[in-house]
Amino acid sequence: MDCQDEFYFFLQVIYRAGIGSKEFSLPAAGDLEIDGGLRRQLGVEPSVFAGCRVFLPLLEPGILCHVTDCFYLHYLFFRLPGAPRGMVVGPYLSLLPSAQQILEMAERYELPPVRTHLLEEFYPTLPQITDNSVFYSMVYCLCEALYGRKAEVRSISLEDELSPTALSVTAREADLSTAMQRLENRYQLEDQLLRAVAEGDRARLRRVLHGVDLDVATEPRLSDPVRNIKNYCIVLNTLLRKAAQQGGVHPIYLDDLSRTFAARIEKLPTTASARKLVHEMADQYCLLVQQHGAENYSRPVQTAMLYVRQHLAEPLNLHTLAALLGCNASYFSARFKRETGQTLTEFILQERMRLAVHLLLTTRLQVQTVAQYCGFLDANYFCRIFRQTVGCSPGAYRKTGRAQTGAFVPCPPGQNMLG
């Protein structure tokens, strides 16, 4: 192989950076553990290498495949000059997954808590490499030296459907009428979406999003489909925030949600996950309009409500909030009741029950863990309060409450929320 000195220098660099690499024969036979043993320890199949077999026969000199798997791990596949052999470099991360993303992965693969901890311990051991890092520049230079021409980079997600066409780059027709129709469809979709959010109409929103093709809205400006849809998500996050503001939501709520989604957008690993996030973003902004659009609370009350929602796992009481706001406790208590129609204690309980319902319906966390997230150290006390407020036990709600839709509203005394 030509450029052996450059190649071995590259291997030394990635070794010192903590990035693994392995060679394999082409056509690929057997299996190869390339994810640091993560799937083996988690008991998850198939392996990354098995998932990549679809496109490995199509690896040609000069093609550099950037692969992302469902655990947010990145790999680089390329063919070595000369003998029919290939190389994979990885795994590494572009960003460290958040606690919520780890929880979602554990839920998807039904991992018990002990294996969830394996994920939490595994990620910090991997190097993080950003899109504009020196590492990628070095890889591109190596490929130019090996192949005598600039490498052609193909991005592939193992969560998307893989086929031999994954390595094909088809030219898009530059037809004016097609482009105009695409723009018209995009603006029509966005207009319907934003009106539903501004009016807090979740039923209409679901009808708008049902069966929608996001490719209609995504501008194919780059060869990377994930980057394209990320860019669209960034734009849509801004539009949805403005729509919710028109619906009467105070910026104090909008800023927190907008920043949360902005961070999640940059961590999207696949186009499939981006499509799911678009639906979640629209629904959450719409729900925000439902919950807060008609409110006209004073700044101290808004601050207290926001603080409560962000610190539900911590001890919360009137004196804590009043001290935080620099208010007299009795004065603030009366003001909160006058503006909201409920005491601060009732509001705290309402938000804790709202969070409990969300966790019960969207995760497989044990009831005692849900209790801790909601600020209850005693699981039995949590179950008793949940039954009094919602109308049934947490376990019963998890079994039957999945059919419930709409925002959570605490059950009035003597009534059952489920019936």
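Does residue 96 qualify as being part of a helix (DSSP H, G or I) and over 18 Å from residue 37 (Cβ atoms)? No, not satisfied.
Evaluating residue 264 against the criteria (1) modelled with pLDDT of 85 or more; (2) outside the structural domain of residue 199 (by TED's automatic domain parsing) leaves one unmet condition, (2).
Residue 144 falls short on exactly one of the conditions (1) within 25 Å of residue 227 (Cβ to Cβ); (2) at pLDDT 80 or above; (3) of a type in the set (Asp, Glu); (4) out of contact with any Lys or Arg (no Cβ under 8 Å at 6 or more places or on another chain), and that condition is (4).
Applying the criterion of being farther than 16 Å from residue 78 by Cβ and among the acidic types (Asp, Glu) to the residues of region 21-53, the residue that is modelled with the lowest pLDDT is 45.
Residue count for region 339-349, restricted to those that are surrounded by fewer than 16 Cβ atoms within 10 Å (Cβ to Cβ) and either modelled with pLDDT of 90 or more or under 11 Å from residue 308 (Cβ atoms) (or both): 4.
Of the listed requirements (1) closer than 25 Å to residue 359 by Cα; (2) in contact (Cβ under 8 Å) with a residue 60 or more places away in the chain, residue 96 misses just one: (2). From the set of residues in region 203-218 that are part of a loop (DSSP other than H, G, I, E, B) and farther than 17 Å from residue 233 by Cα, which is modelled with the lowest pLDDT? Looking at residues that are part of a loop (DSSP other than H, G, I, E, B) and farther than 17 Å from residue 233 by Cα, I get 211.
Of all residues in region 292-310, those satisfying the criterion of being surrounded by 15 or more Cβ atoms within 10 Å (Cβ to Cβ) and either in contact (Cβ under 8 Å) with a residue 60 or more places away in the chain or assigned to a loop (DSSP other than H, G, I, E, B) (or both) are 293, 295, 297.
Which fully enclosed strands (runs of 3 or more DSSP E) of region 18-86 have 3 or more residues being crowded, with 18+ Cβ neighbours inside 10 Å and at negative phi?
Filter on region 18-86 gives 63-68, 74-80.
Filtered by the rule that a residue be touching a residue at least 60 places away in the same chain (Cβ under 8 Å) and in a loop (DSSP other than H, G, I, E, B), region 367-376 gives 374, 375.
Contact map, region 262-285: residues that are in contact (Cβ under 8 Å) with a residue 40 or more places away in the chain and hydroxyl-bearing (Ser, Thr, Tyr) paired with residues that are crowded, with 20+ Cβ neighbours inside 10 Å and not in a helix (DSSP H, G or I), Cβ distance under 6 Å, separation 6+ or inter-chain. Pairs shown: 270/157.
The values are calculated or read from the model by the stated rules, or taken from the named source; none is laboratory data. Please read all numbers here as calculations on a predicted model, not as lab measurements. Glycine gets a Cβ as well: all are built from the backbone with ideal geometry, and neighbour counts include every protein chain shown.
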